[in-house]
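Worksheet: one structure, shown below.
The values are calculated or read from the model by the stated rules, or taken from the named source; none is laboratory data. Not measured: the values here are computed from a predicted model. Every residue, glycine among them, receives a Cβ derived from its backbone with ideal geometry; neighbour counts consider all protein chains shown. SASA here: full protein model, heavy atoms, side chains in, ligands and nucleic acids out. Shrake-Rupley method; radii C 1.70, N 1.55, O 1.52, S 1.80 Å.
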Amino acid sequence: MNPDQKVVTRIAPSPTGQMHIGTVRTALFNYLYAKQNGGTYFVRIEDTDKERNKEEWVEAIWEDFAWCAIPPDAKYRTSERLARHIELLGSLVDSGKAYISKEPKKDDPSQTVEVVRLKNPGTILTFHDLIRGDITIDTTELGDFVIARSLHDPLYHFAVVADDGDAGVTHVLRAEEHISNTPRQILILEALGFKRPMYAHFPLILAPDRAKLSKRKHGASIENYRAQGFLPEAIINYLALLGWNPGTEQELFSLDELVVAFSLEQVHKAGAIFDIEKLKWFNSEHMKRLPARDFELRLRTFMDVHQKEVPSYLEQVAHLLANRSQTLSEAADLLVSDEFSFMHDTIASPAKEMLLQQGKLDAVTSKNHLQKLSDLLMTIDDSAGNFTEPTIKSSIMPYADEQGRGAVLWPLRVALSGREKSPDPFTIVSLIGKEKTLSRIAQAIELL
Ligand code: GLU
């Protein structure tokens with residue numbers, strides 16, 4: 001490749017169904033390669049198959065790509081370029097590199113059709129694959145293959161080549177199932193006089209049983225992972241490492257970090273096994289990395305989309321959720337679970353046995369501890385954001401250390417939450433505020 005030539009890559013999904021997670025990985029690798037070389041990357045929806053394409057899938061593809069946030073420099077649909085395809089096809093026929101062939105119709109041999117066939121020079125063709133090395137194919141086997149149903153109806157391979165050629169695509173980076181398409185496309189490309197791009201074909205993504213990861217069997221659509229509450233950052237990070245090895249110990253990458261670290265040469269030839277547990281790990285790490293406000297907004301949007309009612313206290317507890325769940329869906333469930341019922345205005349008052357840890361603690365002593373804690377908390381000035389976890393901790397901890405942490409903090413936590421399981425008492429106090437804290441402690445003292 002001429003060193004001055006700008007790298008141009010593309011992802012070219014066909015709108016035949018929900019988007020496979022493998023398509024996102026191909027898009028990602030195309031984006032990374034273009035960006036690290038100062039080039040451009042675009043999305044082209046290949047809506048050439050009139051029988052199998054659906055408008056709803058076109059919409060879904062745009063939406064999925066927008067959600068994944070791998071920003072293209074341009075986007076369009078193959079069908080918008082039909083006039084140009086027809087022009088190029090005509091020029092091939094005019095120059096004698098392709099010809100109109102009158103032949104019996106396949107499903108009704110009594111009728112004839114006029115298809116367009118490429119005049120195949122019939123050579124032994126070698127192309128270089130950046131991942132697999134040289135691939136050689138005897139193209140005589142392909143014969144004069146059909147490139148258009150008529151002069152006005154070019155077929156898929158012709159459209160791909162015309163679009164790539166006109167867009168100046170320098171690198172065709174795609175899934176390995178397209179290796180067998182490459183010789184046909186190179187023959188068309190040579191007939192049209194376009195420059196041959198570089199090729200790389202990525203290995204398959206496999207299920208744990210080494211079968212091809214499928215949308216139907218394994219739910220491998222981007223839509224499905226999104227509905228399960230995975231973040232695009234985590235999906236991108238995990239997909240980058242499926243088939244590519246950074247050569248270091250680093251696992252967590254942002255998109256920008258990937259642009260720097262990625263290398264096409266380090267993409268494996270062998271298929272990579274998709275592990276949902278690993279994806280969950282990436283997701284929890286990326287949830288923790290999000291600024292609290294950002295996490296809150298994502299969770300709110302997720303709950304809105306899934307028509308789950310968002311409790312008023314989401315904002316206050318968002319930081320706790322991010323650390324205690326692996327997906328947005330888990331975080332949403334946790335948020336509305338009893339574990340956060342202490343955030344409600346009133347709580348079910350705890351049973352005496354629960355306050356006394358089922359008889360492990362003494363009622364009189366526990367009552368005295370609660371009274372002392374109430375006195376200590378009372379003295380904290382709660383104006384102007386002063387009633388925080390560290391302040392609360394430093395006011396209570398010396399007393400708890402002196403009297404025994406369990407004996408002091410257990411009744412406090414149960415008094416505040418009404419539950420055996422809850423976040424720690426400092427967190428609860430800081431979240432519900434001084435007034436509610438004191439009144440819940442008073443209630444528990446009463447009970448004891
Ligand atoms: N439209 C093809 C697909 O959805 C991709 C073709 C290509 O990348 O050349 O798999």
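Scan segment 144-156 and tell me whether some residue there is open to solvent by 10 Å² or more (accessible area, probe 1.4 Å), within 12 Å of the ligand (Cβ to nearest atom) and not acidic (Asp, Glu). Yes: segment 144-156 contains one or more residues that are open to solvent by 10 Å² or more (accessible area, probe 1.4 Å), within 12 Å of the ligand (Cβ to nearest atom) and not acidic (Asp, Glu).
When Lys6 is tested against the conditions (1) in a loop (DSSP other than H, G, I, E, B); (2) within 16 Å of the ligand (Cβ to nearest atom), the lone failure is (2). Just one of (1) buried (at least 18 other Cβ atoms within 10 Å of the Cβ); (2) of a type outside the set (Gly, Ala, Ser); (3) under 19 Å from the mean Cα position of the chain (by Cα) fails for Glu251. It is (1). If you scan segment 157-166, which residues turn out to be more than 12 Å from the ligand (Cβ to nearest atom) and open to solvent by 30 Å² or more (accessible area, probe 1.4 Å)? Asp166 - this is the single residue of segment 157-166 that is more than 12 Å from the ligand (Cβ to nearest atom) and open to solvent by 30 Å² or more (accessible area, probe 1.4 Å).
With respect to Gly193, determine if the residue is at pLDDT 95 or above and at positive phi. Spelling it out, Gly193 is indeed at pLDDT 95 or above and at positive phi.
Annotation note: of Arg210, Arg216, the sole residue that is under 30 Å from Thr182 (Cα atoms), without any contact (Cβ under 8 Å) to a residue 12 or more places away in the chain and of a type in the set (D, E, K, R) is Arg216. Considering segment 170-194, the residues that are within 14 Å of Phe29 (Cβ to Cβ) and open to solvent by less than 30 Å² (accessible area, probe 1.4 Å) include one that is nearest to the ligand (Cβ to nearest atom), namely Arg174.
Restricted to segment 306-335, and to residues that are within 18 Å of the chain's Cα centre (by Cα) and not polar (S, T, N, Q), which residue is surrounded by the fewest Cβ atoms within 10 Å (Cβ to Cβ)? Residue satisfying both the conditions and the ranking: His306.
Of all residues in segment 116-157, exactly one satisfies the criterion of being of a type in the set (Lys, Arg) and not in a loop (DSSP other than H, G, I, E, B), namely Arg117. Each residue in segment 56-82 was checked for being of a type in the set (Asp, Glu) and free of Cβ contacts under 8 Å to residues at least 12 places away in the same chain, and 4 pass. Note on segment 333-359: residues that are at positive phi and either in a helix (DSSP H, G or I) or touching a helix residue (DSSP H, G or I) at 6+ places or on another chain (Cβ under 9 Å) (or both) amount to 2.
Each row is one residue, and each column tells you yes or no for (1) aliphatic (A, V, I, L, M); (2) open to solvent by less than 40 Å² (accessible area, probe 1.4 Å); (3) at pLDDT 95 or above; (4) away from the ligand (no atom under 12 Å from the Cβ).
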| site | (1), (2), (3), (4) |
| --- | --- |
| Arg10 | no, yes, yes, no |
| Pro13 | no, yes, yes, no |
| Thr16 | no, no, no, no |
| Ala34 | yes, yes, yes, yes |
| Tyr41 | no, yes, yes, yes |
| Asn53 | no, yes, no, no |
| Phe65 | no, yes, yes, yes |
| Asp73 | no, no, yes, yes |
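Taken together, the residues in segment 58-93 that are within 30 Å of Asp256 (Cβ to Cβ) and either among the aromatic types (Phe, Trp, Tyr) or part of a helix (DSSP H, G or I) (or both) amount to 12. One residue alone among Leu264, Leu242 is more than 17 Å from Gln36 (Cβ to Cβ), open to solvent by less than 40 Å² (accessible area, probe 1.4 Å) and of a type outside the set (Lys, Arg), and that residue is Leu242. Among the residues of segment 369-394, those that are in a loop (DSSP other than H, G, I, E, B), more than 45 Å from the chain's Cα centre (by Cα) and without any contact (Cβ under 8 Å) to a residue 24 or more places away in the chain comprise Thr379, Asp381. Only a single criterion out of (1) within 14 Å of the ligand (Cβ to nearest atom); (2) within 24 Å of the chain's Cα centre (by Cα); (3) surrounded by fewer than 23 Cβ atoms within 10 Å (Cβ to Cβ) is not satisfied by Asp49, namely (2). Residues that are open to solvent by less than 20 Å² (accessible area, probe 1.4 Å), part of a loop (DSSP other than H, G, I, E, B) and either out of contact with any helix residue (DSSP H, G or I) (no Cβ under 7 Å at 6 or more places or on another chain) or within 22 Å of Gly133 (Cα to Cα) (or both) within segment 195-212 comprise Pro197, Pro203, listed in sequence order. The residues of segment 281-332 include none that are of a type in the set (Phe, Trp, Tyr), within 22 Å of Gly433 (Cα to Cα) and part of a helix (DSSP H, G or I). Within segment 78-126, if we keep just the residues that are exposed (fewer than 14 other Cβ atoms within 10 Å of the Cβ) and small (Gly, Ala, Ser), the residue that is farthest from Ser14 (Cα to Cα) turns out to be Ser110. Residues in segment 417-432 that are under 20 Å from Lys372 (Cβ atoms) and assigned to a helix (DSSP H, G or I): Ser417, Pro425, Phe426, Ile428, Val429, Ser430, Ile432.
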